[in-house]
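Since the structure comes first, as structure tokens, the remarks are kept for the end.
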Amino acid sequence: MSNSRWNKNSLLSFVDAHIVDYPTPINLNYFWSFGSVSGLCLLIQIVTGIFLAMHYTAHVDYAFDSVEHIMRDVNNGWLIRYIHANGASMFFIVVYCHIFRGLYFGSYIQPRGFLWVSGVLIFLLMMATAFMGYVLPWGQMSFWGATVITNLFSAVPLAGHLIVEWLWGGFSVSNATLNRFYSLHYLMPFIIVGLVASHLALLHAEGSNNPLGINSNVDFISFYPYFYVKDLFSFLLLVSLFSFFCFFYAEFIRS
């Protein structure tokens, strides 16, 4: 009983310190909502990706047909795929805005250097994950995209060709390549979640930046109930815009 009570109290104290009473600079604007909105995008990608993986076949003879099966035969499969495909583009748009805000307001300046580096690592993993996901439908664009991009590693001095053959799993883009990309595409979002956790830990250790550079330990208010409303409004805007594209222009963003 005492252990369960201690765990409950420690969890509540953690939520209180990092969400409810988290000290937030008083002058934050909607530019600071892009971080939490990008977290929502990551959650959407993971959930839809898990459902897509239930019906996808990572084999060069069946990959394209399995995607068509998802689109035509799986209940609401077309919607799940369009959410996942357009969600990737929406994810990058939100993250680009988040990076622009960091550059414009100097969020990369010490003492937030490690916070910035962790964000860059997340962005690099996002690009790798998106590229491997682009290959999975195994159409002509997927095959030649994989061929061109992986061949770029041949420019690495001395070990370039070895790296390319390791990525291919052979001497050309083949079934081994597709299997590797599928495995990594499924694994990397969970690695990104770990990096996001460290990103948030670094953020809460140093405190949020703000437009005027005011020390958040001096002039702040609690995150709840003041700033969560801004994030909630941003969530609703994202879902509305996202839904519009998914239902009416599903091929527009990702084309």
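The values are calculated or read from the model by the stated rules, or taken from the named source; none is laboratory data. The shown structure was predicted, so the numbers you read here are calculated from the model rather than taken from an experiment. Using ideal geometry, Cβ is built from the backbone for each residue, glycine included, and neighbour counts are taken over all protein chains shown.
So which of PHE153, PHE181 is surrounded by 15 or more Cβ atoms within 10 Å (Cβ to Cβ) and over 30 Å from PHE51 (Cβ atoms)? On inspection, the qualifying residue turns out to be PHE153.
Checked against the criterion of being in contact (Cβ under 8 Å) with a residue 60 or more places away in the chain, within 25 Å of ASN27 (Cβ to Cβ), surrounded by fewer than 17 Cβ atoms within 10 Å (Cβ to Cβ) and of a type outside the set (Asp, Glu), the candidates HIS199, HIS204 yield just one match: HIS204. Scoring TRP116 on the criteria (1) more than 24 Å from LEU203 (Cα to Cα); (2) touching a residue at least 12 places away in the same chain (Cβ under 8 Å) leaves a single failure, condition (1). In region 62-108, the qualifying residues are those that are in contact (Cβ under 8 Å) with a residue 40 or more places away in the chain and outside any helix (DSSP H, G or I), and the one that is nearest to the chain's Cα centre (by Cα) is SER107.
So, in region 73-84, of the ones that are crowded, with 20+ Cβ neighbours inside 10 Å and either among the aliphatic types (A, V, I, L, M) or touching a Phe, Trp or Tyr at 6+ places or on another chain (Cβ under 7 Å) (or both), which residue ends up nearest to GLU206 (Cα to Cα)? Ranking the candidates gives ILE83 first.
For ILE50, the criteria (1) free of Cβ contacts under 8 Å to residues at least 40 places away in the same chain; (2) under 22 Å from PHE91 (Cα atoms); (3) in contact with a Ser or Thr (Cβ under 6 Å, 6 or more places away or on another chain) hold in every case but one, which is (3). Of TYR96, TYR108, all but one fail to be surrounded by fewer than 20 Cβ atoms within 10 Å (Cβ to Cβ), modelled with pLDDT under 95 and out of contact with any Ser or Thr (no Cβ under 8 Å at 6 or more places or on another chain); the exception is TYR108.
Residue check: SER208 meets all listed conditions (1) among the polar types (S, T, N, Q); (2) touching a Gly at 6+ places or on another chain (Cβ under 7 Å); (3) assigned to a loop (DSSP other than H, G, I, E, B) but one, namely (2). With the structure loaded, tell me whether ILE70 is at pLDDT 95 or above, touching a Phe, Trp or Tyr at 6+ places or on another chain (Cβ under 6 Å) and either within 15 Å of PHE181 (Cβ to Cβ) or not aromatic (Phe, Trp, Tyr) (or both) or whether it fails that test. No: the conditions fail for ILE70.
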